[in-house]
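Student: A single structure is presented below for examination.
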Amino acid sequence: MRIKAFLFDLDGVLTDTSELHFLGWKRLAEEEGINFTREDNEALRGVTRRESLNLLLKGRQVTEEQALEMMERKNGYYIELVGQMTPADLLPGALKMLDENRRIGIKQAIVSSSKNAWLVLDRLQIGDMFDAVIDGNAPARSKPYPDLFLLASKAVGVPVKECLVVEDAEAGVQAAHAAGMRALGLGPVDRVGAAELVYDSLQRHTAQEILNFFN
Ligand code: B16
Ligand code: MG
């Protein structure tokens, strides 16, 4: 089946907000007297806010009210940092590929677990380049469930077999496969090695080259 749509994850694929998520979680952890390292943060890649908090708490019991307050506090710190982002925070090769897809008539969507996806897209000034934006506000199960990708396939009007997922997280690649889609993984093989094709990043690669591989 020929690929007719690219479904891009946002954090870690088009921009690197994971450092900003890390700084937000780290500040919360310090306030709560919890040790939280950059290495710990790797496990949070692509997972939801709630699951991230659970991982950060490392088994510490909190009430639902405390959990909600902590997530809100971290999100406030994160949003503060996102406010300083500019189009210069697009990852190398990202804008070029988005432009190329538009030029050659490939549909493209954002499929992100983040509830802040629109905020980030606005800061990067790329919101108008997509045929659909499916984010963490969608009434759907998060990755590794296929739900968000299935919603995106419907939204762009391209059957699942003709959608290619671009992901930096293991859970994202699993979600793509669960949806019946093929995936391009960005990052180390021990993280995204289950994808049909793996690159370090989008830099120095073209959409046409990716299409030639899959079609
Ligand atoms: P928020 P993606 C994910 O975005 C991030 O990778 C992950 O670190 C974050 O916890 C999640 O979004 C939720 O983000 O707190 O902003 O709703 O990689 O799926 O684009
Ligand atoms: Mg990601």
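Bear in mind that the values in this text are calculations on the coordinates, not laboratory data. Note that the structure is predicted; figures quoted are calculated from it, not measured. Cβ: placed from backbone, ideal geometry, glycine included. Neighbour counts: every protein chain shown.
Student: Which lysines does Lys143 reach when only Cα atoms under 23 Å apart count, and residues fewer than 8 places away in its own chain are ignored?
Tutor: Lys4, Lys58, Lys74, Lys107, Lys115, Lys154, Lys161
Student: Sticking with this structure for a sec: How big is D, in µm² s⁻¹, for the chain by Stokes-Einstein at 25 °C and 0.890 mPa s if Rh is the Kirkwood radius over C-alpha pairs? Kindly include the intermediate steps, with their values, before the conclusion.
Tutor: Working: Rh = 17.6 Å.
Rounded to a whole number, D works out at 140 µm²/s.
Student: I would also like to ask the following. Calculate how many DSSP beta bridges within the chain are antiparallel, expressed in % of all such bridges and rounded to the nearest 5.
Tutor: For the chain, the DSSP antiparallel bridge percentage is about 5.
Student: Take the Cα atoms of region 129-215, build their convex hull, and give its volume per residue in Å³.
Tutor: Each residue corresponds to 98 Å³ of Cα convex hull volume.
Student: Calculate, for Ala88 and Thr206, the FRET efficiency according to 1/(1 + (r/R0)^6) with r their C-beta to C-beta distance and R0 30 Å; round to the nearest 0.05.
Tutor: 0.85
Student: If you don't mind, there's one more thing I want to ask. Between Leu68 and Arg102, what is the spin-label point distance in nm, taking each point 7 Å from the Cα along the Cα→C-beta axis?
Tutor: 4.0
Student: What whole-number distance in Å separates the alpha-carbon centres of region 64-136 and region 169-215?
Tutor: Computed from Cα coordinates, the inter-centre distance equals 19 Å.
Student: Considering the zone a paramagnetic label at Ala178 would reach in this model (a point 7 Å from Cα along the Cα-to-Cβ line), which residues of region 37-70 have amide N under 16 Å from it?
Tutor: So the set is 45-52.
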